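Scroll down for the structure; my scribbles are underneath it.
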Amino acid sequence: MNSEELLQADSKIISNALKIRFYPITVKAAKGTKIIDHQDKEYLDLTAGWAVANTGYGDKRVADKLQEQYEALSFTTQLSAPEENMVHLAEKLISIIPGDFEKKVWFGHSGSDANECIAKLVPLSQNKPRMLSFMGGYHGQTLGSMSLSGHPAQSKFIGSGNVVKVPYPNPYRPLFGSKENLTGNIIDFIESEVFTTISPPEDTAGIVVEGIQSDGGLVVPPDDFLPELKKLCEDHNIYLIMDEVKVGLGRTGEWFSFDHASVAPDAVVLGKPLGGGMPISAVVGRKDILDAGTAVHMFTASGNPLSSAAALETLSIIKEEKLIRNAKEIGEYFSQQLCELQARYEIIGDVRGKGLAIGVELVEDGETKTPAIEETAAVCYRSYELGLLVYYVGIHSNVIEITPPLTITKEEVDFSISVLDQAFKDLEEKKIDIEKVRKYSGW
Ligand SMILES: Cc1ncc(COP(=O)(O)O)c(C=O)c1O
(Lines give C-alpha, C1' and ligand atoms only; values in the text may rest on other atoms or scores of the structure.)
Protein backbone atom coordinates (compact mmCIF):
# COMPACT_ATOMS: atom_id res chain seq x y z
CA MET A 1 0.00 0.00 0.00
CA ASN A 2 1.18 3.50 -0.68
CA SER A 3 0.43 6.37 1.67
CA GLU A 4 -2.68 7.49 -0.14
CA GLU A 5 -4.20 4.00 -0.31
CA LEU A 6 -3.49 3.46 3.36
CA LEU A 7 -5.10 6.75 4.36
CA GLN A 8 -8.14 5.97 2.25
CA ALA A 9 -8.56 2.51 3.77
CA ASP A 10 -8.09 3.95 7.25
CA SER A 11 -10.65 6.62 6.57
CA LYS A 12 -13.13 4.03 5.30
CA ILE A 13 -12.91 1.36 7.97
CA ILE A 14 -11.20 2.65 11.11
CA SER A 15 -13.37 4.30 13.75
CA ASN A 16 -13.09 8.05 14.09
CA ALA A 17 -13.40 7.60 17.85
CA LEU A 18 -9.75 6.57 17.74
CA LYS A 19 -8.46 9.46 15.69
CA ILE A 20 -6.75 12.73 16.44
CA ARG A 21 -4.96 13.74 13.29
CA PHE A 22 -2.78 16.76 12.54
CA TYR A 23 -1.51 15.98 9.02
CA PRO A 24 -1.68 13.13 6.50
CA ILE A 25 1.25 11.05 7.73
CA THR A 26 1.40 7.27 7.58
CA VAL A 27 4.09 5.28 9.32
CA LYS A 28 5.99 2.44 7.69
CA ALA A 29 8.92 2.11 10.05
CA ALA A 30 10.74 3.87 12.88
CA LYS A 31 14.20 3.70 14.40
CA GLY A 32 15.66 5.77 17.21
CA THR A 33 14.21 9.27 16.95
CA LYS A 34 13.16 8.92 13.30
CA ILE A 35 9.96 7.86 11.56
CA ILE A 36 9.76 6.71 7.93
CA ASP A 37 6.55 7.13 5.93
CA HIS A 38 5.30 5.11 2.98
CA GLN A 39 7.15 7.37 0.53
CA ASP A 40 10.35 6.53 2.46
CA LYS A 41 10.53 10.11 3.68
CA GLU A 42 12.24 10.47 7.05
CA TYR A 43 10.93 12.66 9.88
CA LEU A 44 12.45 13.63 13.20
CA ASP A 45 9.79 12.77 15.75
CA LEU A 46 9.28 15.28 18.56
CA THR A 47 6.08 13.50 19.66
CA ALA A 48 7.50 10.08 20.60
CA GLY A 49 4.02 8.88 19.59
CA TRP A 50 2.36 10.88 22.40
CA ALA A 51 5.31 10.40 24.76
CA VAL A 52 5.59 6.63 24.46
CA ALA A 53 8.92 6.07 22.66
CA ASN A 54 11.07 7.57 25.43
CA THR A 55 13.90 5.13 24.76
CA GLY A 56 13.56 5.61 21.00
CA TYR A 57 11.95 3.32 18.44
CA GLY A 58 13.09 -0.25 17.79
CA ASP A 59 15.66 -0.54 20.57
CA LYS A 60 17.68 -3.72 19.98
CA ARG A 61 17.81 -4.62 23.66
CA VAL A 62 14.01 -4.57 23.95
CA ALA A 63 13.65 -6.44 20.65
CA ASP A 64 15.98 -9.23 21.81
CA LYS A 65 14.26 -9.44 25.17
CA LEU A 66 10.85 -9.75 23.52
CA GLN A 67 11.98 -12.56 21.22
CA GLU A 68 13.61 -14.44 24.09
CA GLN A 69 10.53 -13.98 26.28
CA TYR A 70 8.07 -15.03 23.59
CA GLU A 71 9.98 -18.23 22.97
CA ALA A 72 10.29 -19.02 26.68
CA LEU A 73 6.78 -18.02 27.80
CA SER A 74 4.53 -16.15 25.41
CA PHE A 75 1.65 -15.77 27.84
CA THR A 76 0.25 -16.64 31.18
CA THR A 77 -2.64 -14.82 32.74
CA GLN A 78 -1.23 -13.34 35.90
CA LEU A 79 -4.74 -13.25 37.34
CA SER A 80 -4.52 -16.95 38.03
CA ALA A 81 -0.85 -17.94 37.60
CA PRO A 82 1.95 -15.40 38.17
CA GLU A 83 5.41 -15.46 36.59
CA GLU A 84 8.63 -13.68 37.42
CA ASN A 85 8.81 -10.71 35.04
CA MET A 86 5.73 -9.07 36.49
CA VAL A 87 6.95 -9.53 40.05
CA HIS A 88 10.45 -8.24 39.24
CA LEU A 89 8.93 -5.25 37.49
CA ALA A 90 6.79 -4.49 40.53
CA GLU A 91 9.89 -4.69 42.76
CA LYS A 92 11.77 -2.38 40.43
CA LEU A 93 8.98 0.20 40.32
CA ILE A 94 8.64 0.16 44.10
CA SER A 95 12.39 0.77 44.38
CA ILE A 96 12.32 3.98 42.32
CA ILE A 97 9.17 5.50 43.82
CA PRO A 98 9.52 7.44 47.09
CA GLY A 99 7.33 6.93 50.16
CA ASP A 100 8.24 5.32 53.44
CA PHE A 101 5.28 2.95 53.62
CA GLU A 102 4.34 -0.50 52.40
CA LYS A 103 3.57 -0.45 48.67
CA LYS A 104 1.92 -2.75 46.15
CA VAL A 105 1.59 -2.62 42.38
CA TRP A 106 -1.35 -3.08 39.99
CA PHE A 107 -0.85 -3.64 36.24
CA GLY A 108 -2.98 -2.83 33.20
CA HIS A 109 -2.56 -1.83 29.56
CA SER A 110 -3.17 1.92 29.27
CA GLY A 111 -3.12 5.13 31.24
CA SER A 112 -6.91 5.02 31.15
CA ASP A 113 -7.31 1.64 32.83
CA ALA A 114 -4.70 2.60 35.44
CA ASN A 115 -6.58 5.80 36.31
CA GLU A 116 -9.75 3.71 36.31
CA CYS A 117 -8.05 1.68 39.04
CA ILE A 118 -7.59 4.90 41.02
CA ALA A 119 -11.20 5.95 40.41
CA LYS A 120 -12.42 2.62 41.83
CA LEU A 121 -9.92 1.68 44.52
CA VAL A 122 -9.13 4.98 46.22
CA PRO A 123 -12.76 5.64 47.33
CA LEU A 124 -13.11 1.97 48.25
CA SER A 125 -9.94 1.97 50.35
CA GLN A 126 -10.89 5.11 52.26
CA ASN A 127 -14.58 4.26 52.50
CA LYS A 128 -15.26 7.81 51.28
CA PRO A 129 -17.17 8.38 48.02
CA ARG A 130 -15.72 11.61 46.64
CA MET A 131 -12.61 12.58 44.67
CA LEU A 132 -11.04 15.88 43.61
CA SER A 133 -9.16 16.56 40.41
CA PHE A 134 -8.19 19.51 38.22
CA MET A 135 -9.71 21.38 35.31
CA GLY A 136 -7.52 20.80 32.25
CA GLY A 137 -6.35 17.41 33.58
CA TYR A 138 -6.34 14.44 31.20
CA HIS A 139 -6.53 11.04 32.85
CA GLY A 140 -8.08 8.83 30.18
CA GLN A 141 -11.15 7.89 28.20
CA THR A 142 -12.81 5.09 30.18
CA LEU A 143 -15.69 6.02 32.48
CA GLY A 144 -13.74 6.41 35.73
CA SER A 145 -10.63 7.99 34.21
CA MET A 146 -12.80 10.27 32.10
CA SER A 147 -14.69 11.32 35.23
CA LEU A 148 -11.40 12.36 36.81
CA SER A 149 -10.45 14.34 33.69
CA GLY A 150 -11.18 18.02 33.19
CA HIS A 151 -10.17 18.26 29.55
CA PRO A 152 -12.43 19.27 26.63
CA ALA A 153 -11.65 15.88 25.00
CA GLN A 154 -13.98 14.22 27.52
CA SER A 155 -16.65 16.92 27.70
CA LYS A 156 -19.08 15.11 25.36
CA PHE A 157 -19.77 12.57 28.08
CA ILE A 158 -21.13 12.94 31.57
CA GLY A 159 -18.82 11.10 33.93
CA SER A 160 -19.65 9.72 37.33
CA GLY A 161 -20.84 12.44 39.68
CA ASN A 162 -18.46 11.91 42.58
CA VAL A 163 -15.57 14.02 41.24
CA VAL A 164 -15.23 17.75 41.87
CA LYS A 165 -12.88 19.67 39.54
CA VAL A 166 -10.89 22.62 40.77
CA PRO A 167 -8.66 25.05 38.83
CA TYR A 168 -5.00 24.15 38.21
CA PRO A 169 -2.44 26.88 38.85
CA ASN A 170 -1.43 28.23 35.45
CA PRO A 171 1.28 30.91 35.72
CA TYR A 172 0.65 32.16 32.16
CA ARG A 173 -3.11 32.40 32.61
CA PRO A 174 -3.78 32.90 36.35
CA LEU A 175 -7.47 32.17 36.96
CA PHE A 176 -8.02 34.23 40.08
CA GLY A 177 -6.32 37.31 38.66
CA SER A 178 -3.23 37.52 40.81
CA LYS A 179 -0.04 35.91 39.57
CA GLU A 180 1.53 36.36 42.97
CA ASN A 181 -0.18 33.77 45.12
CA LEU A 182 -1.22 31.19 42.56
CA THR A 183 -0.80 28.14 44.76
CA GLY A 184 -2.22 29.79 47.88
CA ASN A 185 -5.33 30.97 46.05
CA ILE A 186 -6.14 27.48 44.82
CA ILE A 187 -5.40 25.74 48.12
CA ASP A 188 -7.58 28.35 49.90
CA PHE A 189 -10.34 27.80 47.35
CA ILE A 190 -10.31 24.05 48.01
CA GLU A 191 -10.20 24.47 51.78
CA SER A 192 -12.64 27.32 52.27
CA GLU A 193 -15.09 26.68 49.44
CA VAL A 194 -14.93 23.10 48.15
CA PHE A 195 -14.36 21.41 51.52
CA THR A 196 -17.06 23.45 53.23
CA THR A 197 -19.68 22.87 50.54
CA ILE A 198 -19.76 20.06 47.99
CA SER A 199 -16.84 17.80 48.92
CA PRO A 200 -16.15 17.76 52.67
CA PRO A 201 -12.80 16.17 53.57
CA GLU A 202 -14.51 13.40 55.54
CA ASP A 203 -16.16 12.35 52.25
CA THR A 204 -13.13 13.01 50.00
CA ALA A 205 -10.88 9.99 49.42
CA GLY A 206 -8.23 11.37 47.08
CA ILE A 207 -6.91 14.19 44.93
CA VAL A 208 -5.63 13.23 41.49
CA VAL A 209 -3.17 15.55 39.78
CA GLU A 210 -0.58 15.77 37.01
CA GLY A 211 2.79 17.27 38.00
CA ILE A 212 2.71 19.04 34.64
CA GLN A 213 -0.66 19.22 32.91
CA SER A 214 0.38 17.85 29.54
CA ASP A 215 -2.68 17.49 27.32
CA GLY A 216 -4.04 20.50 29.21
CA GLY A 217 -1.29 22.58 27.55
CA LEU A 218 2.06 21.66 29.13
CA VAL A 219 1.14 23.79 32.13
CA VAL A 220 3.93 23.85 34.71
CA PRO A 221 2.60 24.80 38.15
CA PRO A 222 4.61 26.94 40.60
CA ASP A 223 7.26 25.06 42.62
CA ASP A 224 5.27 25.27 45.85
CA PHE A 225 2.12 23.70 44.37
CA LEU A 226 2.79 19.98 44.92
CA PRO A 227 4.26 20.43 48.44
CA GLU A 228 1.23 22.54 49.45
CA LEU A 229 -1.19 20.09 47.89
CA LYS A 230 0.51 17.24 49.75
CA LYS A 231 0.21 19.19 53.00
CA LEU A 232 -3.47 19.84 52.34
CA CYS A 233 -3.99 16.11 51.79
CA GLU A 234 -2.13 15.19 54.97
CA ASP A 235 -4.06 17.75 57.02
CA HIS A 236 -7.37 16.25 55.89
CA ASN A 237 -6.53 12.55 55.62
CA ILE A 238 -6.88 12.53 51.83
CA TYR A 239 -4.67 10.53 49.48
CA LEU A 240 -2.54 12.35 46.91
CA ILE A 241 -2.42 10.52 43.58
CA MET A 242 0.05 11.62 40.91
CA ASP A 243 -0.74 10.81 37.28
CA GLU A 244 2.73 10.34 35.75
CA VAL A 245 1.48 8.56 32.64
CA LYS A 246 2.88 11.16 30.27
CA VAL A 247 5.71 12.96 32.07
CA GLY A 248 6.95 10.14 34.33
CA LEU A 249 9.94 7.83 33.87
CA GLY A 250 12.63 10.41 33.18
CA ARG A 251 11.05 12.90 30.82
CA THR A 252 11.27 15.91 33.14
CA GLY A 253 14.93 15.32 34.08
CA GLU A 254 14.04 13.31 37.20
CA TRP A 255 12.42 9.88 37.39
CA PHE A 256 9.12 11.59 38.21
CA SER A 257 7.78 15.13 38.06
CA PHE A 258 7.08 15.10 41.82
CA ASP A 259 10.77 14.35 42.50
CA HIS A 260 11.48 18.00 41.63
CA ALA A 261 9.31 18.94 44.62
CA SER A 262 10.48 16.11 46.91
CA VAL A 263 6.90 14.97 47.41
CA ALA A 264 5.97 11.32 48.07
CA PRO A 265 2.48 10.61 46.69
CA ASP A 266 0.23 7.90 48.12
CA ALA A 267 -0.13 6.39 44.65
CA VAL A 268 1.55 6.93 41.28
CA VAL A 269 -0.02 6.13 37.91
CA LEU A 270 2.28 5.03 35.07
CA GLY A 271 1.73 4.08 31.44
CA LYS A 272 2.81 5.25 27.98
CA PRO A 273 6.66 4.83 27.95
CA LEU A 274 6.77 2.06 30.55
CA GLY A 275 6.78 -0.81 28.04
CA GLY A 276 9.13 0.70 25.46
CA GLY A 277 6.20 0.57 23.00
CA MET A 278 4.49 -2.53 24.41
CA PRO A 279 1.18 -1.72 26.11
CA ILE A 280 1.49 -1.75 29.88
CA SER A 281 0.38 0.54 32.71
CA ALA A 282 0.82 0.42 36.44
CA VAL A 283 -0.35 1.91 39.68
CA VAL A 284 2.21 1.88 42.47
CA GLY A 285 0.80 2.88 45.81
CA ARG A 286 -0.05 2.23 49.41
CA LYS A 287 -0.92 -1.37 50.16
CA ASP A 288 -4.28 -0.41 51.60
CA ILE A 289 -5.28 1.28 48.32
CA LEU A 290 -4.23 -1.59 46.10
CA ASP A 291 -5.62 -4.25 48.43
CA ALA A 292 -8.96 -2.49 48.89
CA GLY A 293 -10.74 -5.39 47.19
CA THR A 294 -9.94 -8.76 45.66
CA ALA A 295 -10.69 -9.41 41.97
CA VAL A 296 -12.26 -5.95 41.54
CA HIS A 297 -10.13 -4.43 38.75
CA MET A 298 -8.51 -7.10 36.61
CA PHE A 299 -7.78 -7.62 32.95
CA THR A 300 -6.84 -10.97 31.44
CA ALA A 301 -3.52 -9.75 29.99
CA SER A 302 -2.58 -7.47 32.93
CA GLY A 303 1.16 -7.63 33.59
CA ASN A 304 1.61 -10.18 30.79
CA PRO A 305 5.15 -11.57 30.48
CA LEU A 306 5.95 -9.83 27.18
CA SER A 307 4.94 -6.34 28.31
CA SER A 308 6.56 -6.86 31.71
CA ALA A 309 9.84 -8.07 30.18
CA ALA A 310 9.86 -5.10 27.80
CA ALA A 311 9.19 -2.74 30.71
CA LEU A 312 12.02 -4.19 32.79
CA GLU A 313 14.43 -3.73 29.89
CA THR A 314 13.13 -0.21 29.24
CA LEU A 315 13.75 0.84 32.85
CA SER A 316 17.31 -0.55 32.62
CA ILE A 317 17.91 1.37 29.40
CA ILE A 318 16.68 4.63 30.97
CA LYS A 319 19.14 4.13 33.83
CA GLU A 320 22.15 2.67 32.04
CA GLU A 321 22.02 5.01 29.07
CA LYS A 322 21.60 8.01 31.38
CA LEU A 323 18.49 9.18 29.59
CA ILE A 324 17.26 11.18 32.58
CA ARG A 325 20.41 13.29 32.48
CA ASN A 326 20.02 13.69 28.72
CA ALA A 327 16.41 14.79 29.20
CA LYS A 328 17.55 17.46 31.65
CA GLU A 329 20.52 18.74 29.67
CA ILE A 330 19.10 18.55 26.16
CA GLY A 331 15.76 19.79 27.50
CA GLU A 332 17.42 22.92 28.89
CA TYR A 333 19.22 23.50 25.60
CA PHE A 334 15.97 22.98 23.65
CA SER A 335 14.09 25.45 25.87
CA GLN A 336 16.85 28.05 25.49
CA GLN A 337 16.72 27.74 21.73
CA LEU A 338 12.94 28.05 21.77
CA CYS A 339 13.21 31.19 23.90
CA GLU A 340 15.45 32.63 21.20
CA LEU A 341 12.74 31.89 18.65
CA GLN A 342 10.23 33.53 21.00
CA ALA A 343 12.29 36.73 20.94
CA ARG A 344 11.93 36.75 17.14
CA TYR A 345 8.29 35.74 16.68
CA GLU A 346 5.61 37.71 18.51
CA ILE A 347 3.11 34.91 18.14
CA ILE A 348 5.09 32.80 20.65
CA GLY A 349 3.50 33.88 23.93
CA ASP A 350 5.18 31.43 26.25
CA VAL A 351 7.84 28.72 26.32
CA ARG A 352 7.74 26.48 29.38
CA GLY A 353 8.49 22.99 30.56
CA LYS A 354 10.82 20.73 32.47
CA GLY A 355 13.43 18.57 30.75
CA LEU A 356 11.95 17.18 27.54
CA ALA A 357 8.34 18.05 28.35
CA ILE A 358 8.14 21.44 26.68
CA GLY A 359 5.19 23.56 25.58
CA VAL A 360 5.19 26.50 23.18
CA GLU A 361 1.98 28.54 23.53
CA LEU A 362 0.90 30.64 20.55
CA VAL A 363 -1.23 33.76 21.02
CA GLU A 364 -2.63 36.35 18.66
CA ASP A 365 -1.21 39.11 20.81
CA GLY A 366 0.86 39.16 23.94
CA GLU A 367 -1.50 41.46 25.85
CA THR A 368 -4.86 39.77 25.39
CA LYS A 369 -3.28 36.30 25.05
CA THR A 370 -6.04 35.30 22.64
CA PRO A 371 -5.18 31.71 21.65
CA ALA A 372 -3.78 31.48 18.09
CA ILE A 373 -5.55 28.21 17.32
CA GLU A 374 -5.42 27.97 13.54
CA GLU A 375 -1.86 29.30 13.50
CA THR A 376 -0.79 26.54 15.92
CA ALA A 377 -2.27 23.90 13.63
CA ALA A 378 -0.53 25.57 10.67
CA VAL A 379 2.91 25.54 12.31
CA CYS A 380 2.52 21.83 13.14
CA TYR A 381 1.40 21.11 9.58
CA ARG A 382 4.25 23.06 8.00
CA SER A 383 6.80 21.40 10.28
CA TYR A 384 5.52 18.02 9.11
CA GLU A 385 6.02 19.10 5.49
CA LEU A 386 9.57 20.09 6.41
CA GLY A 387 10.36 16.75 8.08
CA LEU A 388 9.61 17.42 11.75
CA LEU A 389 6.72 15.91 13.71
CA VAL A 390 5.02 17.92 16.46
CA TYR A 391 1.43 17.89 17.72
CA TYR A 392 -0.50 20.52 19.61
CA VAL A 393 -2.32 20.25 22.93
CA GLY A 394 -4.03 22.51 25.45
CA ILE A 395 -7.56 23.35 26.49
CA HIS A 396 -7.42 26.10 23.84
CA SER A 397 -5.60 23.92 21.24
CA ASN A 398 -2.77 26.43 20.96
CA VAL A 399 0.25 24.79 22.57
CA ILE A 400 2.87 22.98 20.49
CA GLU A 401 3.94 19.96 22.48
CA ILE A 402 7.58 18.90 22.42
CA THR A 403 8.03 15.44 23.93
CA PRO A 404 10.72 13.69 21.85
CA PRO A 405 12.43 10.41 22.67
CA LEU A 406 14.82 11.06 25.58
CA THR A 407 17.65 9.91 23.30
CA ILE A 408 17.45 13.08 21.19
CA THR A 409 20.79 14.79 20.45
CA LYS A 410 21.86 18.44 20.37
CA GLU A 411 22.20 18.23 16.57
CA GLU A 412 18.62 17.03 16.34
CA VAL A 413 17.50 19.94 18.51
CA ASP A 414 19.31 22.29 16.12
CA PHE A 415 17.50 20.69 13.18
CA SER A 416 14.17 21.04 15.03
CA ILE A 417 14.78 24.70 15.71
CA SER A 418 15.68 25.36 12.08
CA VAL A 419 12.43 23.71 10.93
CA LEU A 420 10.29 25.56 13.48
CA ASP A 421 12.02 28.81 12.52
CA GLN A 422 11.12 28.18 8.88
CA ALA A 423 7.54 27.24 9.80
CA PHE A 424 7.04 30.44 11.83
CA LYS A 425 8.57 32.47 8.99
CA ASP A 426 6.24 30.83 6.47
CA LEU A 427 3.32 31.55 8.79
CA GLU A 428 4.26 35.23 9.03
CA GLU A 429 4.67 35.43 5.27
CA LYS A 430 1.31 33.66 4.78
CA LYS A 431 2.97 30.90 2.79
CA ILE A 432 1.12 28.05 4.53
CA ASP A 433 -1.91 26.69 2.69
CA ILE A 434 -4.50 27.04 5.46
CA GLU A 435 -7.12 25.06 3.50
CA LYS A 436 -4.89 21.97 3.74
CA VAL A 437 -4.47 22.56 7.47
CA ARG A 438 -8.23 22.91 8.06
CA LYS A 439 -8.88 19.32 6.96
CA TYR A 440 -7.21 18.19 10.17
CA SER A 441 -9.17 19.12 13.24
CA GLY A 442 -6.62 17.79 15.73
CA TRP A 443 -8.27 18.01 19.16
C1 LIG B 1 -1.51 12.26 32.03
C2 LIG B 1 -2.24 11.21 31.26
N3 LIG B 1 -2.92 10.26 31.93
C4 LIG B 1 -3.58 9.29 31.29
C5 LIG B 1 -3.62 9.23 29.93
C6 LIG B 1 -4.39 8.14 29.22
O7 LIG B 1 -3.50 7.22 28.72
P8 LIG B 1 -3.95 6.18 27.58
O9 LIG B 1 -4.17 6.97 26.34
O10 LIG B 1 -2.78 5.24 27.49
O11 LIG B 1 -5.16 5.50 28.07
C12 LIG B 1 -2.93 10.20 29.18
C13 LIG B 1 -2.97 10.18 27.71
O14 LIG B 1 -2.59 11.08 27.04
C15 LIG B 1 -2.24 11.21 29.87
O16 LIG B 1 -1.56 12.17 29.20
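The values are calculated or read from the model by the stated rules, or taken from the named source; none is laboratory data. Since the model is a prediction, treat every value here as computed from it, not as a measurement. Cβ atoms come from the backbone with ideal geometry, glycine included; neighbour counts cover every protein chain shown. All accessible areas refer to the heavy atoms of the entire protein, side chains included, with ligands and DNA or RNA removed. Shrake-Rupley method; radii C 1.70, N 1.55, O 1.52, S 1.80 Å.
Considering 118, 190, which residue is crowded, with 17+ Cβ neighbours inside 10 Å, farther than 30 Å from residue 273 by Cα and in the same structural domain as residue 282 (by TED's automatic domain parsing)?
Numbers: 118 fails: farther than 30 Å from residue 273 by Cα.
Only one candidate qualifies: 190.
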Query raised in the report: Picking from 60, 12, 28, 92, which residue would you name as being over 25 Å from residue 215 (Cβ atoms), surrounded by fewer than 21 Cβ atoms within 10 Å (Cβ to Cβ) and in contact with a strand residue (DSSP E or B) (Cβ under 9 Å, 6 or more places away or on another chain)?
Result: 28
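Considering only residues of segment 413-443 that are assigned to a loop (DSSP other than H, G, I, E, B) and small (Gly, Ala, Ser), which is least open to solvent (accessible area, probe 1.4 Å)?
Within segment 413-443, the subset assigned to a loop (DSSP other than H, G, I, E, B) is 429-433, 439-443.
Retained after the next criterion (residues that are small (Gly, Ala, Ser)): 441-442.
On the way: 441: 88, 442: 10 Å².
Filtering first and then ranking leaves 442.
Being open to solvent by less than 50 Å² (accessible area, probe 1.4 Å) and away from the ligand (no atom under 16 Å from the Cβ) narrows it down to one of 126, 67, so name that one. Give the steps one after another, and end with the answer.
Details: 67 fails: open to solvent by less than 50 Å² (accessible area, probe 1.4 Å).
Within the list 126, 67, the selection yields 126.
Output the residues belonging to segment 188-199 that are closer than 24 Å to residue 144 by Cα and either in a strand (DSSP E or B) or in contact with a His (Cβ under 9 Å, 6 or more places away or on another chain) (or both).
Looking only at segment 188-199, we keep the residues that are closer than 24 Å to residue 144 by Cα, and these are 190, 194-195, 197-199.
Matches in segment 188-199: 195 only.
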Query - Only listed residue being farther than 17 Å from residue 92 by Cα and in contact (Cβ under 8 Å) with a residue 60 or more places away in the chain, chosen from 317, 289, 280 - result: 289
Report task. For residue 322, indicate whether it is touching an Asp or Glu at 6+ places or on another chain (Cβ under 9 Å) and among the basic types (Lys, Arg). Result -> no
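On the given criteria, is residue 258 within 14 Å of the ligand (Cβ to nearest atom) and either open to solvent by 30 Å² or more (accessible area, probe 1.4 Å) or not in a helix (DSSP H, G or I) (or both)? Let's see the steps before the verdict.
Values: within 14 Å of the ligand (Cβ to nearest atom): yes; either open to solvent by 30 Å² or more (accessible area, probe 1.4 Å) or not in a helix (DSSP H, G or I) (or both): no.
For residue 258, the condition - within 14 Å of the ligand (Cβ to nearest atom) and either open to solvent by 30 Å² or more (accessible area, probe 1.4 Å) or not in a helix (DSSP H, G or I) (or both) - is not met.
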Requested in this report: Can you tell me which residue among 268, 263, 247 is surrounded by fewer than 23 Cβ atoms within 10 Å (Cβ to Cβ), outside the structural domain of residue 333 (by TED's automatic domain parsing) and of a type outside the set (Asp, Glu)?
Outcome: 263
Query raised in the report: Could you list, in sequence order, the residues of segment 392-412 that are surrounded by fewer than 23 Cβ atoms within 10 Å (Cβ to Cβ) and not in a loop (DSSP other than H, G, I, E, B)?
Result: 410, 411, 412
Report summary line: Given the conditions (1) away from the ligand (no atom under 15 Å from the Cβ); (2) in contact with a Ser or Thr (Cβ under 7 Å, 6 or more places away or on another chain), every one holds for residue 112 apart from (1)
Report summary line: Only one of 342, 337 is open to solvent by 20 Å² or more (accessible area, probe 1.4 Å), in the same structural domain as residue 375 (by TED's automatic domain parsing), touching a helix residue (DSSP H, G or I) at 6+ places or on another chain (Cβ under 8 Å) and not in a strand (DSSP E or B), namely 337
Query - Which numbered condition residue 110 misses (of (1) in contact (Cβ under 8 Å) with a residue 24 or more places away in the chain; (2) over 19 Å from residue 301 (Cβ atoms); (3) out of contact with any helix residue (DSSP H, G or I) (no Cβ under 8 Å at 6 or more places or on another chain)) - result: (2)
Requested in this report: Could you list all residues from segment 135-187 that are farther than 19 Å from residue 117 by Cα, within 12 Å of the ligand (Cβ to nearest atom) and not in a loop (DSSP other than H, G, I, E, B)?
Outcome: 153
Query raised in the report: Does residue 314 satisfy the condition of being in a loop (DSSP other than H, G, I, E, B) and modelled with pLDDT of 95 or more?
Result: no
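Please find, among 289, 330, the residue that is in a helix (DSSP H, G or I), in the same structural domain as residue 393 (by TED's automatic domain parsing) and crowded, with 21+ Cβ neighbours inside 10 Å.
On the way: 289 fails: in the same structural domain as residue 393 (by TED's automatic domain parsing).
Exactly one residue qualifies, and that residue is 330.
Would you point out which residue out of 227, 200, 279 is within 14 Å of the ligand (Cβ to nearest atom) and more than 12 Å from the chain's Cα centre (by Cα)?
Values: 227 fails: within 14 Å of the ligand (Cβ to nearest atom); 200 fails: within 14 Å of the ligand (Cβ to nearest atom).
Result of the check over 227, 200, 279: 279.
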Query raised in the report: Taking residue 83 and the conditions (1) of a type in the set (D, E, K, R); (2) open to solvent by 40 Å² or more (accessible area, probe 1.4 Å); (3) more than 26 Å from residue 323 (Cα to Cα), which numbered condition does it fall short on, given that it satisfies the others?
Result: (2)
**Report entry** Which numbered condition residue 160 misses (of (1) under 21 Å from residue 298 (Cβ atoms); (2) modelled with pLDDT of 95 or more; (3) open to solvent by 40 Å² or more (accessible area, probe 1.4 Å))
**Finding:** (2)
Query raised in the report: Can you name the residue in segment 95-115 that is of a type in the set (D, E, K, R) and over 21 Å from residue 310 (Cα atoms) and is also most open to solvent (accessible area, probe 1.4 Å) among such residues?
Result: 100
